[in-house]
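See structure below.
Coordinate-derived values only; no laboratory data. These numbers were taken from a predicted model, which means no experiment stands behind them. Every residue, glycine as well, gets a Cβ built from its backbone with ideal geometry; the counts of neighbours run over all protein chains shown.
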Amino acid sequence: MAKRHVIVGGGTAGLNAILAIREHDRGASEISLVSAERPYSRMVLPYYLGRGIAEAHVFTLSPARLAQLNVRTHLGRRAVGLDTAAGKLSLDDGTVVEYDDLLIATGSSAVRPAVPGADGPGVHSFWTLEQARGVVAGIREGTHVVLVGAGFIAFTILNAILALKARLTIVEIAPRILPRMIDETGAQMVEEWLGRHGVEIRAGATLTAIEETQGRRRLRFREGEDLVAGLVIMATGIRPNLEWLNGSGVRVNRGVLVDDHLRSSVENVYAAGDVAEGRDLVTGEPAVHAIEPTAMEHGRVVGANMAGRDVAYRGSLLMNIVEVCHLDIASFGAWDDPAAEAFAAVRPERFAYRKLLWQGDRLTGAMILGRADDIWTTNDVGMLKGLTQAGNGLGPWKAHLARNPFDVKTAFIASGTTGRLLPETLLGRASVPAGFVG
Amino acid sequence: MRCELACSYMQTGTFQPARSVIRVSPFEAHTSYAPYTCTQCAEAWCMTACPVEAISISPVGAKVVLDDLCVGCKLCTIACPFGTIFYKPETRKAFKCDLCGGSPACVGACPTAAIEYVEAETADWLGTFAAERSARHREWQFAGVEAR
């Protein structure tokens, strides 16, 4: 009998697992996909909000594509229970799906603080396509949008909101913006940059209530004046969707704990993406990296292993990049490690900032800020990722970078980092373009 | 730097080395130069990272950006560890070396035949060269020789 794979979750991790299985087995196995939503790419929702793309552009696995990949689907259905002893998955309509192996890739959900009115009308999250549609419908030219939360997710939709000619105010409970993506110096520079582009920022603001006032929303704070908004977006964090695993016997900490093959505590059950707690490449510790690249890599590794390969995963590299008003902001690895040795430099005339963090002569974290049209920025973004990923000893190039943290390219090339990275592949074989798999 | 001029002209229609996807680095205090570009690596970090399947493989084996699908999210620019996929602010799309469809402009423009277009094993040719030249330069500096 053909092996029965069940993929729970149609996001990036699930999609990549399906593609990797089919790259390996050319259709020999049975694949069932359970997905509460029609599969789409969350990464591109901000471009849909900004009207840069049509809604149709966000979908990933079209019915034709699913047929080509020979995937059975349970779309619009949620997994509600997992019986790992019997190898059975229960869905919310009572359907029971039997499996030989299963991937938990149920992603995460947006969370809102327990503030009165935070669930009221005109208050949105921006995480799912359905939520994005709500925001799209609610913003007009001149709408005053208040974004609650100044983290990565908020920043990914900032350009889109400005492109719609809405007025934007960002409020953040922490004393500064992007607290989990850049340091104090970087945050100050970004605040100054956004100020120049007409974005108002209120940091250190604790929201106490959201009230309805003549069709608009009044936001009250512990200190300072109220804000009146046409639309409120709560970008106040996400948490992994794990509840349905209660009683399954799958070990869960902050996420589903997985080994280096991305297997959970139950041998034929894998986890990938935002729900998985796997190895952090730099620290070696278990971590939940709820980012797109980790979901992709996890998904591909699980797919290969489900298809019978024996692929060990070295770990995921924490990384984020976001562009706001033509300013690139990116950080990699252990960029906020207080124990690391750090070099930092600001070039105010180019609005550029670099911070490099070290353990011995290995780069373990990096932060970069610079104009998107500056050749220095575009050169250094990828190479800083490469240096953090390779973790190779940089020898004399560490001293070189201490003198000039902006000369990343020379250090990257002459330290032989390209040669170090070339064999460091995910699955150890050539990839095929997605459209060619089926 | 003729390769950069030729590349930018071929890729963007303008002579802007800053828009070239082959980039020359100076070594040995600007007495040696090395051009660096995409290795068209087999597993293609940029291609697997793209959330909308906007990177494909061209008939000549280059990983190429499909402009009508790319949304400009920059994920490929942090997925590629070699730093060889870029972003064009004018078009808001990713852009990278596409081997000029099989006839790379940089090769023809190089006056010293330092760039060849041949089938070869992927290797870090440049790293070895740059490391050696840099080490030599450091020795000169230690010996008190003004390396200019």
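Tabulated data
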| item | result |
| --- | --- |
| For segment B:104-129 versus segment A:324-366, the gap between their alpha-carbon centres in whole angstrom | 32 |
| Mean-position separation - Cα centroids, segment A:176-224 and segment A:1-76, in angstrom | 36 |
| Top of A:Ala399, A:Ala295, A:Ala166 by mean-square fluctuation, Gaussian network on chain A, Cα under 10 Å | A:Ala399 |
| Dipole in debye (nearest 20) - the protein assembly as shown, about Cα centre, beta carbon charges: Lys, Arg +1; Asp, Glu -1 | 720 |
| Furthest towards positive pole of dipole, A:Ile413, A:Leu356, A:Gly230, structure part the protein assembly as shown, Cβ charges | A:Gly230 |
| Fewest-first sequence of A:Glu192, B:Glu53 by Cβ atoms within 10 Å of each Cβ | A:Glu192, B:Glu53 |
| Cα-Cα pairs of segment A:277-316 separated by more than 11 Å (percent) | 62 |
| Stokes-Einstein diffusion coefficient of segment A:243-315, Kirkwood radius over Cα pairs, 20 °C, 1.002 mPa s, in µm²/s | 177 |
| Segment A:58-109 - Rg and Dmax from Cα coordinates, angstrom | 12.6, 37 |
| Dipole in debye (nearest 20) - segment A:195-352, about Cα centre, beta carbon charges: Lys, Arg +1; Asp, Glu -1 | 300 |
| Within a Gaussian network of chain B (alpha carbon springs, distance under 10 Å), most fluctuating of B:Asp98, B:Asp124, B:Asp67 | B:Asp124 |
| Given charges at beta-carbon only (K, R positive; D, E negative), |dipole| of chain B in Debye | 480 |
| Orientation-averaged projected area, Cα convex hull of segment A:124-253 (nm²) | 10.0 |
| Isotropic mean projected area of the C-alpha convex hull, segment A:37-141 (nm²) | 9.5 |
| At q = 0.11, 0.18, 0.20, 0.27 Å⁻¹, base-10 log of I(q)/I(0) for segment A:107-175 (Debye sum, equal scatterers on each alpha carbon) | -0.26, -0.73, -0.91, -1.59 |
| Size of segment A:197-302 as Cα extents on the principal axes (Å, biggest first) | 56, 36, 22 |
| Dipole axis of the protein assembly as shown (+1 Lys, Arg; -1 Asp, Glu on Cβ), positive-most option in A:Ser62, A:Leu242, A:Asn268 | A:Ser62 |
| Rg/Rg_globular for segment B:25-67, with Rg_globular taken as 2.2 N^0.38 Å and Rg from C-alpha atoms | 1.62 |
| Quotient of Cα Rg and 2.2 N^0.38 Å for segment A:294-396, N being how many residues it contains | 1.25 |
| Positive-end extreme of charge dipole, segment A:12-108 - chosen from A:Thr73, A:Thr95, A:Pro46 (charges on Cβ) | A:Pro46 |
| Tilt relative to chain B, helix B:2-12 - C-alpha long axis, 0 to 90 degrees, to 10 | 10 |
| Derived scalar couplings ³J(HN,Hα) [segment B:27-39; Karplus, 6.51 cos²θ - 1.76 cosθ + 1.60; whole Hz; x for Gly, Pro] | 10, 6, 6, 6, 9, 10, 10, 9, x, 10, 8, 4, 7 |
| Rg to Rh, two decimals, where segment B:2-132 supplies the alpha carbon set and Rh follows Kirkwood | 0.95 |
| Reachable lysines from A:Lys3, criterion Cα separation under 19 angstrom, eight or more residues apart if same chain | A:Lys88 |
| Distance between segment A:254-313 and segment A:108-173 - C-alpha centres, whole angstrom | 31 |
| Share of pairwise Cα separations in the protein assembly as shown, more than 43 Å, in percent | 21 |
| Proximal lysines to A:Lys409, defined as alpha-carbon separation beneath 30 angstrom and excluding residues fewer than eight positions away on the same chain | A:Lys355, A:Lys385, A:Lys398, B:Lys63, B:Lys74, B:Lys88, B:Lys93, B:Lys96 |
